[in-house]
1. Within the stretch 144-189, can you find the residues that are β-branched (Val, Ile, Thr) and assigned to a helix (DSSP H, G or I)?
2. So, of the residues in the stretch 198-209 that are out of contact with any helix residue (DSSP H, G or I) (no Cβ under 6 Å at 6 or more places or on another chain) and not acidic (Asp, Glu), which turns out to be farthest from Asp145 (Cα to Cα)?
3. Condition (residue is over 26 Å from Phe22 (Cβ atoms), surrounded by fewer than 19 Cβ atoms within 10 Å (Cβ to Cβ) and of a type in the set (A, V, I, L, M, F, W, C)) applied to the stretch 171-191: is it met by at least one residue?
4. Would you please list the contacts, defined by Cβ atoms under 6 Å and residues six or more apart or on different chains, that run from a residue in the stretch 22-36 that is farther than 17 Å from Arg207 by Cβ to a residue that is modelled with pLDDT under 95 and surrounded by fewer than 20 Cβ atoms within 10 Å (Cβ to Cβ)?
5. How many residues does the stretch 74-106 hold that are of a type in the set (S, T, N, Q), closer than 18 Å to Lys195 by Cα and outside any loop (DSSP other than H, G, I, E, B)?
6. Test each condition in (1) under 20 Å from the mean Cα position of the chain (by Cα); (2) surrounded by 13 or more Cβ atoms within 10 Å (Cβ to Cβ) for Pro123 and report the one that comes out false.
7. Every residue in the stretch 133-160 that is basic (Lys, Arg) and either closer than 21 Å to Tyr8 by Cβ or at pLDDT below 95 (or both), please.
Amino acid sequence: MAQAGNAYYDSPRDIPAIIPVFPLEEALLLPRTQMPLNIFEERYLMMVDYAIHKDRIIGIIQPQAEAVDTDQAPEKLYAPKLQQVGCLGRVTAYGETGDGRVLVTLTGICRFRVVKEILTDLPFRLAEIDCEEFVHDLIEGLGEDQVDREGLLDVFRAFLDANDMEADWESIAKSSNEILVNSLSMMSPYGIAEKQALLEAESLALRADTLIAMTEMHLASESSDTPQTLQ
């Protein structure tokens, strides 16, 4: 069973078949994580209002990499072709700023696959979805015992050191393996293809291993780009 705010999701039958989808480049939502959003575009303000009055569910999904080519015509950028897999989020916090924006928090429920987009006169996009292949996302902590936590923390420390950054290690120590893996995946500074690979990983352990490999490659690349001085 998955919980998001006051709602519980026991099976894909608890999830609506048609949802609004929010295309976000290099953005990742995963089960039981939270994503804060600052909404200001009129079409997405209408999308949030639609979701609030329906099931409070919005699908976060990336555009396909070729769809964000800045050389494309504006109409192509308005409705880029979407990836096939995204993640459902329930609006669990909502606030109006007084200057026309709304601040919302989405809590991840489970991943979904796009069956087809729905033709509509609405200014935002709707899609028919299927969650059956991701039903295991509804089980909290599934596969946590197979995660290489120490390997993930080691590469995370190396990343922080390389970028002169700090972390709240007390909070990290208290985090479950699931929250640790998914939160670090969301925070990772990678592109569309890498974020999609993390999203579509078949298991929590595979997601952790994928993130470790990506970060090691990133660190190695940064190291090779650093000019060496002779002593």
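The values are calculated or read from the model by the stated rules, or taken from the named source; none is laboratory data. This is a predicted model, so every value here is computed, not measured. All Cβ positions, even for glycine, are placed from backbone atoms using ideal geometry, and neighbour counts span all protein chains on display.
1. Val155, Ile172, Ile179, Val181
2. Checked the stretch 198-209; the qualifying residue farthest from Asp145 (Cα to Cα) is Leu199.
3. yes
4. Glu25/Val68
5. 0
6. Condition (1) is where Pro123 drops out.
7. If the condition is that a residue be basic (Lys, Arg) and either closer than 21 Å to Tyr8 by Cβ or at pLDDT below 95 (or both), then no residue fits.
Yes/no per residue for (1) of a type in the set (S, T, N, Q); (2) in contact (Cβ under 8 Å) with a residue 40 or more places away in the chain; (3) more than 21 Å from Leu142 (Cβ to Cβ):
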| residue | (1), (2), (3) |
| --- | --- |
| Ala158 | no, yes, yes |
| Asn163 | yes, no, yes |
| Glu170 | no, no, yes |
| Met187 | no, no, yes |
| Ala197 | no, no, no |
